[in-house]
Amino acid sequence: MPQYNPPLRDMQFVMHEVLKVTDEFKALPKHADVDADTINAVLEEAGKFAAEVTFPLNISGDTEGCKLDQTTHEVTPPKGFKEAYAKYVEGGWAALSCDPEYGGQGLPFVVNQCVYEMLNSANQAWTMYPGLSHGAYEALHAHGTDAQKKLYLPKLVSGEWTGTMCLTEPHCGTDLGLLRTKAEPQADGTYKLTGNKIFISAGEHDMTENILHLVLARLPDAPQGSKGISLFLVPKFNVGEDGAIGSRNGIYCGSLEHKMGIHGNATAQIVLEGAVGTMVGAPNKGLAAMFVMMNAARLGVGNQSLGLTEVAYQNALAYAKDRIQMRSLSGVKAKDLAADPIIVHPDVRKMLLTAKAYAEGGRALAIYCTMLLDKELHHPDEKVRKDSGEIVALLTPIVKAFLTDNGHISTNACMQVFGGHGFIKEWGMEQFVRDNRINMIYEGTNTIQSLDLLGRKVLGNNGATLKKFGKIIGALIAEEGVNEKMAEFINPLAYLADQMTKFTTELGFKGFQNPDEVGAAAVDYLRVAGHLVFGYFWARMAQTALREIAAGNADPFYLAKVQTARFYFAKLFPETATLMRTARSGSRALMDTDAALA
Ligand SMILES: Cc1cc2nc3c(=O)[nH]c(=O)nc-3n(C[C@H](O)[C@H](O)[C@H](O)COP(=O)(O)OP(=O)(O)OC[C@H]3O[C@@H](n4cnc5c(N)ncnc54)[C@H](O)[C@@H]3O)c2cc1C
């Protein structure tokens, strides 16, 4: 059976020692009084919840899956899920970083980020039920009318009702401009929606008394394509003006998908048969409103893989210390045993350190992003709000795609540490690999994230935001450029930061002549950008750790940090050279291939 220990020490290191989040919060009137003790206490409790309540349901949830009753269209999630959700609501976890006006606790997003990382490690499938609700909360909070907010937000904040996002249809996934679900205006100001949605996560269940579906659909006179999409709130049960639950609405689960992973989450085909809904935001501007939810979800999906990377690493590390096979190449290490523990073998260490470096680098980036989100919303200086928002927008596709690709690499590496036992269900490792796989696909595939990064976020504003982030990296390089102890971290980072401008300009120029050049380079580009960002955070973490060591702090945590930073820069970061080369090799080898692909 796998184990999970909440990585509280590492979260505290990133938040309080590297990013000094509470100092940053002092500038935000809303969070000025939030101190490290409060954050740590909340995370300790959340860690217990994850480890003790939802983690024990991870394997059983995977084995059991969700069941649909075809006659009632009701879905029953795996045993224990409903009770765990009730405990989650009772503990007030859903309300953590929500607006106090609607019953929230108003804590910074940074806290929510860490809570969700632990929940994802413990049980991704279960966590998607509250996770999607939080996205629905954010979309409604940003774009709902006062009446919608008053009626629905308190229920999402308390967790009494959950939410979904209904975008995908059988013929349309990436290209939402193709969607066909129709919304007919009614005399009373509501709309009747008709159509079919597929792959809707947490789309039906009996864990709460109501489900709020956020549905994209077209008005009768809507323009073609993505400019003709509106957003609607469609509850499973109609809700009276007084908030009382009324009749069953015409939206139900037609079937459940049989899938590779996240079996405990109901991936529903949703049928709308004249379902009553109200519009959220302006007509034909639904995609913009839904983007609030999609951006939150993209960061959330990166966080899912961060959680899986961490839990896979913890289990692989424990196994590698215990499993004995063969002797070390450099001589016997465990004389009393018939063979050495496999952790003595260089490649086993490489697999373990890959997952550790990707988990800890991802944690630093994810916490940094949510700290910027807190600043974007609550900083009194408009320029800081704007700059923070722009950098989050730049980093969002990197969090989504780089963390999930790294999750794929890491969970596979950790499974490999187990040899054949990793492939066997009882160890739990193959589930981490399977559960992670969807993270690279949904919420916009990682290819789409890379096009968003290179095409929109970088070339779309002539590299202006990239330059802003480049300045942040430049400040660290200037600060540490002459520190010999930091050279092994700062030199490769400085080299890549310097290359990045030329590399980006070159791709922009080629893309201007032939847009397929952008498509051909984008995935490699995102990975290079991901390493640039990770390189920055690993250098900062090494800086903090080296300073503690220099000050005489003998806590092995700091030495471990320096060793992991060294591994990251020596063994993972250098793939940027190959990626830049393949990106530069252009589109011809892909597009001039009609004969090869005939
Ligand atoms: C388990 C699960 C849960 C999901 N949950 C939800 C949910 O809650 N709500 C919801 O609305 N949807 C959900 N989805 C749908 C998911 O978001 C889509 O599957 C995803 O966005 C891709 O769409 P598609 O499957 O139609 O693939 P397609 O759009 O058909 O894409 C197929 C391939 O073509 C590539 N491609 C497409 N266009 C381009 C392009 N312009 N350039 C380069 N490559 C391109 C894609 O990257 C992909 O590799 C879920 C899916 C699954 C499997």
Simple Cβ-charge dipole of the chain, Lys/Arg +1 and Asp/Glu -1, about Cα centre, in debye nearest 20 = 1320
Compute the Rg to Rh ratio over segment 489-598 from the alpha carbon atoms, using the Kirkwood formula for Rh, and round to two decimal places.
-> 1.17
Note: segment 120-263 at 25 °C, 0.890 mPa s; Kirkwood Rh on alpha carbon pairs; Stokes-Einstein D in µm²/s works out to 153
Segment 222-316: proportion of alpha-carbon pairs further apart than 19 angstrom, % = 65
Report in % the part of the accessible area of the chain that belongs to carbon and sulfur, leaving out ligands and nucleic acids; probe 1.4 Å.
-> 56
Please give the helix 487-513 orientation as an angle from the longest Cα principal axis of the chain, in degrees from 0 to 90, rounded to the nearest 10.
-> 50
ARG527 accessible area, assembled protein chains, probe 1.4 Å, Å² | 30
How big is the gap, in Å, between the Cα center of segment 323-374 and the Cα center of segment 183-217?
-> 46
Heavy-atom SASA rank of ASP555, ASP387, ASP10, ASP594 (probe 1.4 Å, accessible area, largest first) | ASP594, ASP555, ASP387, ASP10
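Kirkwood Rh over alpha-carbon pairs of segment 539-598, then Stokes-Einstein at 25 °C and 0.890 mPa s: what D in µm² s⁻¹, rounded to an integer?
Numbers: Rh = 14.7 Å.
In µm²/s, the coefficient rounds to 167.
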Roughly how many Å² is the accessible area per residue of segment 374-434, as a whole number, for a 1.4 Å probe?
-> 39
Longest segment of the chain lacking GluC sites (Glu not before Pro) that sit in a DSSP loop with at most 12 other Cβ atoms within 10 Å = 242-598
In whole angstrom, and with the biggest value first, how far do the Cα coordinates of segment 279-320 range along each principal axis?
-> 57, 12, 8
Measure out, as a whole number of angstrom, how far apart the alpha-carbon centroids of segment 543-598 and segment 93-119 sit.
-> 32
Extending each Cα 7 Å along its Cβ direction at THR447 and ALA282, get the distance between those two points in nm, one decimal.
-> 3.3
Would you compute the Debye intensity of the chain from its alpha-carbon atoms alone, equal scatterers and no solvent, and pass along log10 I(q)/I(0) at q = 0.08, 0.12 Å⁻¹ to two decimals?
-> -0.57, -1.29
Which entries of LYS227/LYS375; LYS383/LYS468; LYS30/LYS386; LYS383/LYS471; LYS192/LYS227 show an alpha-carbon separation above 24 angstrom in the structure shown?
-> LYS227/LYS375
Over every pair of different alpha-carbon atoms in segment 31-156, take the mean of 1/r and invert it; report that Kirkwood radius in Å.
-> 15.8
If one compares the long axis through the Cα atoms of helix 382-417 with the longest principal axis of the Cα atoms of the chain, the angle in degrees, nearest 10, works out at 70
The farthest towards the positive end of the charge dipole of the chain, of the residues CYS369, HIS134, GLY106, given +1 on Cβ of Lys and Arg and -1 on Cβ of Asp and Glu, is CYS369
Computed [θ] at 222 nm, helices only, for the chain once each DSSP H run of length n ≥ 4 contributes -39500 (n - 2.57) | -18000 deg cm²/dmol
What is the mean projected area of the alpha carbon convex hull for segment 374-419, to one decimal in square nanometres?
-> 3.8
Restricting the count to DSSP beta bridges whose residues both fall in segment 138-238, what percent are antiparallel, rounded to a multiple of 5?
-> 60
How would HIS263, HIS258 line up by accessible area, probe 1.4 Å, largest first?
-> HIS258, HIS263
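Count the net charge of all other residues whose Cβ sits under 13 Å from the Cβ of VAL53, scoring Lys and Arg as +1 and Asp and Glu as -1.
Within the 13 Å Cβ shell, the charges total -1.
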0 to 90° range, to nearest 10: angle between helix 81-90 axis and the chain longest Cα axis | 90
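The values are calculated or read from the model by the stated rules, or taken from the named source; none is laboratory data. Not measured: the values here are computed from a predicted model. FYI the Cβ positions are ideal-geometry reconstructions off the backbone, even for glycines, and counts take in every protein chain you see. Keep in mind that these areas ignore ligands, DNA and RNA; they rest on the heavy atoms of the full protein, side chains included. Shrake-Rupley method; radii C 1.70, N 1.55, O 1.52, S 1.80 Å.
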